[in-house]
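See structure below.
Rule-based calculations on the coordinates, nothing more; no lab input. These numbers were taken from a predicted model, which means no experiment stands behind them. Here the Cβ is made from the backbone with ideal geometry for all residues, glycine too, and neighbour counts use every protein chain on show.
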Amino acid sequence: MSSAVYDTLILSDVHLGSEISRAEAATRMLQETRFRRLILLGDIFCDLNFRRLTKAHWKFLGYIRKLSNPKRGIEVVWVEGNHDHGLVDVLSHLVGVRAYQEYAWEYLGRRHLAIHGHQFDRFAINNLLVSSLLTFLHLQLQKLDSRSKRISRYMDLMNTRWLRLSTKVSDGAMTYASLHRADRIFCGHTHVPLFLERDGVEYYNSGSWTDARPTYITVDAEGVRIHEYQERPDHRDSSEERVEADSELAELADAPGLHPDAEYESIGR
């Protein structure tokens, strides 16, 4: 476990329900890292089908629920992604996490802004049916792929490059940050970790937890850092083990320590 205590840890694009989700690794990373604030920067879920969630996926949600317990003194924030639509009201109550469309905070005299990034992806906004179809086809490919899911992950990366998502999202995000007087802006969506700086605005992309090399971001007094999570050889992948969605939802709903007043907020504080 790292001895450092970060002010903020940011991760995105876990895509629970997807065959290529690295939820088990994400849970381990959170258990091994110390932080005061956790920002789940969108696309935590793949879609509305809870029956695709594996035991490892439910374990990730259960750990988020534990972190959100007020006794831990950790602020947990969920920023909505395009794949999270329709889940915010239900899961924010069950897991006890406040949900936002964007979230802003001040740290060491700098204004920080977190937004998923699909807002700057015109293809996703203007072609919702096509985007949904591509998601469905990608999920079917994952079922046919080998255990390592190399083809599925490669297709995910090629989709980002073909649509030039990294450039489109970073350009839109930095312009948006300037308009809202933010010094730093954090996005996900593209699945590609990235740092850029323009006109005094720093742009960071947190990457994803579907790639073979998952990444996350930390913010502290020493600055912002993009980390690549390295798994140990003895870590066992339990992602294939599936459970009944209804029983897991009931367990989450009955769990103690949830915030009864969790709410959906459109603008960060």
In what order do TYR203, TYR107, TYR100, TYR229 fall by count of nearby beta-carbon atoms within 10 Å, going from fewest to most?
TYR107, TYR229, TYR203, TYR100
Given R₀ = 35 Å, what would the calculated FRET efficiency be for THR167 paired with ARG72, taking r from the Cβ atoms and rounding to 0.05?
0.35
The exposure ranking of LEU108, LEU194, fewest beta-carbon neighbours within 10 Å first, is LEU108, LEU194
Label point distance in nm, TYR107-ARG181, each placed 7 Å from Cα along Cα→Cβ
2.1 nm
Among DSSP beta bridges lying fully in the range 7-127, give the percent that are antiparallel, nearest 5.
35 percent
State the extension gain, in nm to one decimal, for the chain segment bounded by GLN31 and GLU228, taking 0.36 nm per residue of separation less the distance between their alpha-carbons.
69.4 nm
With no solvent term and unit scatterers on the alpha-carbon positions of the range 1-131, Debye gives log₁₀ I(q)/I(0) at q = 0.12, 0.13 Å⁻¹ of -0.47, -0.55
In what order do TRP105, TRP209, TRP58 fall by count of nearby beta-carbon atoms within 10 Å, going from fewest to most?
TRP105, TRP58, TRP209
